[in-house]
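Read through the structure below, which is laid out as structure tokens, and then see the notes.
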Amino acid sequence: MLEQKAIVGEVKVIVFRLQDEEYGVEVQQVKAIEKLEHITRVPRTPKFVKGVINLRGVVTPIIDLRKRFELEESEYSDSTRTIIVAVGDLEVGLIVDAANDVIDIPVDAIEPPPEVVGGVEAAYLRGVAKLDNRLLILLNLDKVLSTEEINQLDALEG
């Protein structure tokens with residue numbers, strides 16, 4: 001009898017922190033990690049949209065992930081970072097408490113997401129990685145923003 005081969009490989013992710021949880025986003029979706037800089041408010045945007053920044057000549061919408069995930073707000077600190085990610089054709093900055101490191105996760109360590117993890121809806125999650133004594137919540141960036149929200153942010157960029 002032939003033995004089925006397990007899916008092999010690794011996923012490289014940027015690890016960041018929100019509240020007391022660690023999250024990951026695939027490296028190929030990350031354009032840059034920046035220190036928090038001045039954000040220009042934009043009227044009539046959703047509450048989780050902090051505004052826009054001028055990042056090397058490009059107007060980039062900034063989202064506070066704590067607000068997006070309806071987590072408790074906190075003061076920004078020296079470790080607060082903006083992770084610039086690509087969501088479709090749009091570049092968006094995500095404000096996180098800290099960006100820790102880059103790690104490789106074996107594909108077989110990733111499990112489907114439970115319904116809710118740390119208050120974050122399962123729709124936003126790609127899966128949960130079990131690594132030794134830590135759990136890493138992997139985000140599905142395509143679901144963090146709806147098509148309507150992406151169009152709104154795209155208009156800010158324009």
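The values are calculated or read from the model by the stated rules, or taken from the named source; none is laboratory data. The structure presented is a predicted model; accordingly, all values stated were derived computationally and were not measured. Here the Cβ positions follow ideal geometry from the backbone for every residue, glycine too, while neighbour counts run over all protein chains shown. Heavy atoms of the whole protein, side chains included, go into the accessibility calculation; ligands, DNA and RNA do not. Shrake-Rupley method; radii C 1.70, N 1.55, O 1.52, S 1.80 Å.
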> Pick from E10, E22: which is under 28 Å from P106 (Cβ atoms), in contact (Cβ under 8 Å) with a residue 60 or more places away in the chain and open to solvent by less than 60 Å² (accessible area, probe 1.4 Å)?
Replying inline: E22
> Quick check, is I84 within 19 Å of I14 (Cβ to Cβ), among the hydrophobic types (A, V, I, L, M, F, W, C) and either touching a Cys at 6+ places or on another chain (Cβ under 7 Å) or without any contact (Cβ under 8 Å) to a residue 40 or more places away in the chain (or both)?
Replying inline: no
> Quick one: how many residues across region 79-91 are hydrophobic (A, V, I, L, M, F, W, C) and more than 17 Å from G24 (Cβ to Cβ)?
Replying inline: 1
>> Here are the criteria: (1) touching a strand residue (DSSP E or B) at 6+ places or on another chain (Cβ under 8 Å); (2) open to solvent by 10 Å² or more (accessible area, probe 1.4 Å); (3) at pLDDT 80 or above. Tell me which single one F69 does not satisfy.
In response: (2)
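Yes or no, residue by residue, for (1) in contact with a helix residue (DSSP H, G or I) (Cβ under 8 Å, 6 or more places away or on another chain); (2) among the hydroxyl-bearing types (S, T, Y); (3) within 20 Å of L135 (Cβ to Cβ); (4) open to solvent by less than 60 Å² (accessible area, probe 1.4 Å):
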{"position": "Q28", "(1), (2), (3), (4)": "no, no, no, no"}
{"position": "A32", "(1), (2), (3), (4)": "no, no, no, yes"}
{"position": "K35", "(1), (2), (3), (4)": "no, no, no, no"}
{"position": "V49", "(1), (2), (3), (4)": "yes, no, no, yes"}
{"position": "R56", "(1), (2), (3), (4)": "no, no, no, no"}
{"position": "D64", "(1), (2), (3), (4)": "no, no, no, yes"}
{"position": "V85", "(1), (2), (3), (4)": "yes, no, no, yes"}
{"position": "V92", "(1), (2), (3), (4)": "yes, no, no, yes"}
